[in-house]
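The values are calculated or read from the model by the stated rules, or taken from the named source; none is laboratory data. Quantities reported herein were computed from a predicted structural model and do not represent experimental measurements. Here the Cβ is made from the backbone with ideal geometry for all residues, glycine too, and neighbour counts use every protein chain on show. In case anyone asks, the SASA skips ligands and DNA or RNA and just uses the protein heavy atoms, side chains included. Shrake-Rupley method; radii C 1.70, N 1.55, O 1.52, S 1.80 Å.
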Amino acid sequence: AERTGSINFRLPIPIAQGVFVIGDYQIANAILQDPTSDKPSRLYRPLKAFKSNGVMLTSPSNAHWRMLRKSTAHAFSKAETERVVRVCQDCVQRWVENRLASFADDGVLFDPAHEMHRLVFQIFFVSAFEYTPDEKQFLSFERNYDQFTRQYRAALVPLLPFLGFFLPSVRASSRGQKRMRDLAEKMINNYRANPNKSQYNTVIRLLVEN
């Protein structure tokens, strides 16, 4: 940007159609809103099992995708953002008291990245889904998600979708995806059976009611 004198420029990378960097938010917004700016569907092919509409993640003008965004918009209002901040503060405080303090008292080394994963996982599930996961669910989700992301990248390899069943890693990833879907169903059923649902516009409330 400094060399070209513009916040919008093309990177000197020799690939088809090139790579462009857009620093102007108005131009970026216009590009994202343009119905012809669909993302390449092949990059999202591995996610088809997780969505009912094949173009939800690739087309900004898709009617089903627009309906879902509108129905969940309330979950990101100012009031909801302030509520999530309070949830974050509570979860961080409990993490400091229950885990960080014990690490310090016992002189135990710990992996900061792993602990941050645990903390974000807890905050996200509590604030968005009104669900408090246990340690076993966190470890299972972390392992299954890691398998899924590895397989997602590998799924872009030609012929792998047809031959993947013969690979142990692909079969393990499929089992992991099923366990994550099972956890999602458990959270939904837990919410529906909860007699003390939050009166806030949580993500799970808007998803279930819409």
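Summary of values
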| item | result |
| --- | --- |
| Solvent accessible area, Å² - Leu119, 1.4 Å probe, full protein context | 20 |
| Candidates per chymotrypsin sites (Phe, Trp or Tyr not before Pro) in region 74-117, loop by DSSP, up to 14 other Cβ within 10 Å | Phe110 |
| Karplus 3J(HN,Hα) series, Hz, for region 137-147 with 6.51 cos²θ - 1.76 cosθ + 1.60 (x for Gly, Pro) | 5, 4, 5, 5, 5, 4, 5, 5, 5, 5, 4 |
| Distance in nm between pseudo-label sites at Leu167 and Glu142 (7 Å out along the Cβ direction from Cα) | 2.5 |
